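Enquirer: Structure below; questions to follow.
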Amino acid sequence: MTFLKTIIFIATVLFSCTAHASSWPTPPTLEAKSWVLIDARSGQVVVEHEANQELPPASLTKMMTLYLIFEDLKLGRLHKDELLSVSKKAWKIGGSTMFLEPRMHPKVDDLIHGIATFSGNDACIVMAEHLAGSESAFAERMNKKAKELGMKHSHFMNATGFPAKGHYSSAMDMALLATALWRDFPEDYKVFAEKSFTYDGRKQPNRNRLLWSMPEVDGLKTGHTQEAGYCLVSSAERDKTRFVSAVFGTKSDHQRAKQSKILLRHGFRNFTTLRPMERDIRRKIDVYGGTSEHVWLKPAAPIWVTIPKGLEKQLSFRLRYDSPMHAPIRKGQEIGSIDAVLGKAENKPANILVHIPMQAARDVPEASWFGQKWDALRLWWKNKDETKTNDEASS
């Protein structure tokens with residue numbers, strides 16, 4: 001299981017339950033087709049509206065193009081100082097460009113800046129053709145990676161976001177992709193914070209207005225076509241809390257920035273991200289038929305939990321697993337989960353924020369024949385005592 005899939009599993013949020021709690025902050029209403037705000041560390045959805053609706057993503061597509069570029073750099077298949085050729089297709093693409101021409105041989109590093117900062121369509125074509133041989137082949141790589149990252153409502157036909165039948169994504173998927181860029185490529189991610197970039201004597205500004213108006217923002221990407229409207233994926237950090245917002249289908253450049261700011265401010269004003277200590281989460285459970293009578297369970301990945309400010313003391317953790325647990329047990333074997341629980345509303349069940357997968361901290365081999373028989377007797381006595389207790393409670 002990849003780290004991202006683990007995080008997605010950890011971040012299975014039962015928002016419908018928490019929304020009933022009177023203390024849960026009232027979500028804002030935005031002037032957009034769809035939107036979502038997630039905590040990048042915990043993966044929790046703070047607020048959303050039609051977040052899985054499949055819509056044209058316009059130039060938000062280029063986040064996936066950059067993800068694959070960063071991945072090849074990390075794997076050593078690509079180098080920032082490489083000089084690439086500019087095809088006629090790249091030269092004639094139109095829209096937002098770096099003004100590349102066939103006579104030029106731009107560096108990979110310049111193309112990265114051109115894509116991230118001023119959304120160069122020509123730079124995307126150059127990179128796609130270099131990495132995969134053609135833009136269509138590169139699109140196949142994009143779709144494969146989307147599946148790996150858990151993007152269930154995305155399909156790419158090109159590297160730029162130009163309108164095309166079958167080319168779509170969602171606010172949720174783009175928020176997941178933005179989180180993956182920040183998590184998987186922390187050094188390369190810094191390019192999204194650049195306010196401008198100069199290439200071949202032309203200085204062009206970043207179109208993300210929030211880089212100027214909200215100090216916490218350090219990315220990520222704008223998008224616009226007539227079909228898509230104005231879209232924006234933003235990421236911002238304050239203290240140990242990082243939020244990613246994705247807004248699709250606003251009416252103007254000004255509105256996509258304004259609506260994104262509303263989401264981010266809602267998050268920072270009302271929520272905080274906690275990092276529980278492992279000792280507060282790990283649990284010891286009984287084991288039967290093994291060389292040890294117990295095994296410790298620990299979280300399968302680093303844990304972060306997003307909760308409303310002021311409710312930190314109401315957070316608790318409850319273990320769920322199939323009992324009784326029998327040997328053999330492998331170190332790292334997934335055994336149940338812990339629910340991060342927030343308070344308990346009157347006449348309502350506690351609000352489950354996230355499910356945290358748990359795993360065995362060590363091996364527990366099978367016991368000898370005598371040991372297994374002894375544990376069978378131990379389990380019989382345990383069940384008998386529990387039955388007696390239940391009978392007494394019901395009488």
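The values are calculated or read from the model by the stated rules, or taken from the named source; none is laboratory data. For clarity, every value in this text was computed on a predicted model and none was experimentally measured. Note that each Cβ is placed from the backbone with ideal geometry, even for glycine, and that neighbours are counted across all protein chains shown.
Enquirer: Search segment 165-186 for residues being not in a helix (DSSP H, G or I) and not basic (Lys, Arg), and hand back the single one that is farthest from the chain's Cα centre (by Cα). Working first, answer last.
Expert: Step one: of segment 165-186, the residues not in a helix (DSSP H, G or I) are 165-170, 185-186.
Retained after the next criterion (residues that are not basic (Lys, Arg)): 166-170, 185-186.
Details: 166: 24, 167: 21, 168: 18, 169: 15, 170: 13, 185: 13, 186: 14 Å.
Among those residues, the one meeting the criterion is 166.
Enquirer: Same structure again: Residue check: is residue 89 assigned by TED's automatic domain parsing to the domain that holds residue 139, closer than 17 Å to residue 135 by Cβ, touching a helix residue (DSSP H, G or I) at 6+ places or on another chain (Cβ under 7 Å) and loosely packed, with under 15 Cβ neighbours inside 10 Å?
Expert: On the way: assigned by TED's automatic domain parsing to the domain that holds residue 139: yes; closer than 17 Å to residue 135 by Cβ: yes; touching a helix residue (DSSP H, G or I) at 6+ places or on another chain (Cβ under 7 Å): yes; loosely packed, with under 15 Cβ neighbours inside 10 Å: yes.
Answer is yes for this residue.
Enquirer: Among the listed residues 360, 350, 340, identify the single one that is modelled with pLDDT under 75, among the small types (Gly, Ala, Ser) and either assigned by TED's automatic domain parsing to the domain that holds residue 311 or under 12 Å from residue 296 (Cα atoms) (or both).
Expert: Values: 360 fails: modelled with pLDDT under 75; 340 fails: modelled with pLDDT under 75.
Result of the check over 360, 350, 340: 350.
Enquirer: Need the failing condition index for residue 202 against (1) among the basic types (Lys, Arg); (2) over 26 Å from residue 354 (Cα atoms); (3) in contact with a Leu (Cβ under 8 Å, 6 or more places away or on another chain), just the number.
Expert: Result: residue 202 passes all but (3).
Enquirer: Scan segment 215-256 residue by residue and report those that are under 21 Å from residue 41 (Cβ atoms) and either surrounded by fewer than 23 Cβ atoms within 10 Å (Cβ to Cβ) or more than 23 Å from the chain's Cα centre (by Cα) (or both).
Expert: Of everything in segment 215-256, those that are under 21 Å from residue 41 (Cβ atoms) and either surrounded by fewer than 23 Cβ atoms within 10 Å (Cβ to Cβ) or more than 23 Å from the chain's Cα centre (by Cα) (or both) turn out to be 215, 216, 218, 237, 238, 239, 240, 241, 242.
Enquirer: Does segment 205-226 include one or more residues that are β-branched (Val, Ile, Thr), in a strand (DSSP E or B) and in contact with a Phe, Trp or Tyr (Cβ under 8 Å, 6 or more places away or on another chain)?
Expert: yes
Enquirer: Would you confirm whether any residue within segment 153-169 is under 22 Å from residue 94 (Cα atoms), surrounded by fewer than 18 Cβ atoms within 10 Å (Cβ to Cβ) and in contact (Cβ under 8 Å) with a residue 24 or more places away in the chain? Quick ask: steps written out before the conclusion?
Expert: Restricting attention to segment 153-169, the residues satisfying the condition of being under 22 Å from residue 94 (Cα atoms) are 156-168.
Retained after the next criterion (residues that are surrounded by fewer than 18 Cβ atoms within 10 Å (Cβ to Cβ)): 163-166.
From what's left, in contact (Cβ under 8 Å) with a residue 24 or more places away in the chain: 163.
Yes, segment 153-169 contains at least one residue that is under 22 Å from residue 94 (Cα atoms), surrounded by fewer than 18 Cβ atoms within 10 Å (Cβ to Cβ) and in contact (Cβ under 8 Å) with a residue 24 or more places away in the chain.
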